[in-house]
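Below you'll find the structure, written out as structure tokens, and then a few comments.
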Amino acid sequence: MRRQALAQRPVAVLGGTFDPVHYGHLELAREVGTALQLPEVLLVPAGDPPHRAAPVAPALHRLAMVELALADYPGLGLDAREIARPGRSYTIVTLEELRGERPFQPLALIVGADAFLGLPSWHRWRELFELAHLIVVARPGLDLAAALEAPLATEWQQRVTTEPRDLEKLAGGAIYEQLITPHAISASGIRAALARGDVAQVRGLLPPAVLAYIGRNHLYRPSSDAS
């Protein structure tokens, strides 16, 4: 269902565990927002993600780290609803809530190429298109269209656009592929380095305020310190 919109740029949503948040997350959100001239990109930390193992850091710590990280990113915002909401952090529920709050505002869900390829495994995945556009962040060297299989390939063929303005015309329903600068940073790599006590290795990979918060709160610390 494509709802009427008022020719305005969409607010975008980037979900994740942010365990911890790093420059890969932040620069991805900033670049997409800048490229598409979005009024805001909301980072939505997951409380209980359904598609991966439970986060290492408690939810409130991950929320606090994202809040600190956004101090230098005026175009990005924080939405804590998935942490505040009990139960699994299903994206469809988050988009339903946002749609209820913004009946005619175009919404866009930012997903990486690998996540997009796995979209049919998501809870009520077809309904995502009723609520929002999808902005797929391309992975270098991947021909996304060629990698698609049914039934996602059918949705792609019906919905893909190369025109950013199409994201303004309707409240949802389109798929747009966005290229960004690759950032070879992973939260799991940061956690592994911190677990070894190798703080120097992660400097420059995440905002200093976030790294300081991790130190103050003894997150991801070496296993020999965990007592």
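The values are calculated or read from the model by the stated rules, or taken from the named source; none is laboratory data. The structure displayed is predicted, hence computed values, not measured ones. Every residue, glycine among them, receives a Cβ derived from its backbone with ideal geometry; neighbour counts consider all protein chains shown.
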Residue list for the stretch 162-207, filter: under 28 Å from Leu109 (Cα atoms), under 22 Å from the mean Cα position of the chain (by Cα) and assigned to a helix (DSSP H, G or I): Asp166, Leu167, Glu168, Ala187, Ser188, Gly189, Ile190, Arg191
Qualifying residues in the stretch 176-210 (those that are at pLDDT 95 or above and in contact with a strand residue (DSSP E or B) (Cβ under 7 Å, 6 or more places away or on another chain)) - the one surrounded by the most Cβ atoms within 10 Å (Cβ to Cβ): Ile190
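Looking at Gly173, Gly141, which is the one that is surrounded by 14 or more Cβ atoms within 10 Å (Cβ to Cβ) and either on the phi > 0 side of the Ramachandran plot or not basic (Lys, Arg) (or both)?
None of the others qualify; the one that does is Gly173.
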Breaking point among (1) outside any strand (DSSP E or B); (2) within 20 Å of Pro106 (Cα to Cα); (3) of a type in the set (Gly, Ala, Ser), for Gly24: (2)
Enumeration of residues in the stretch 7-25 that are among the hydrophobic types (A, V, I, L, M, F, W, C), modelled with pLDDT of 95 or more and touching a helix residue (DSSP H, G or I) at 6+ places or on another chain (Cβ under 6 Å): Leu14, Phe18, Val21
Some residue of the stretch 31-42 being modelled with pLDDT of 95 or more, surrounded by fewer than 17 Cβ atoms within 10 Å (Cβ to Cβ) and closer than 16 Å to Leu95 by Cα: yes
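Checking the structure you have, find out if any residue of the stretch 132-155 is of a type in the set (D, E, K, R), more than 16 Å from Val32 (Cβ to Cβ) and under 20 Å from the mean Cα position of the chain (by Cα).
no
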Residue in the stretch 111-119 that is in contact with a strand residue (DSSP E or B) (Cβ under 8 Å, 6 or more places away or on another chain), surrounded by 19 or more Cβ atoms within 10 Å (Cβ to Cβ) and over 23 Å from Trp156 (Cα atoms) present: no
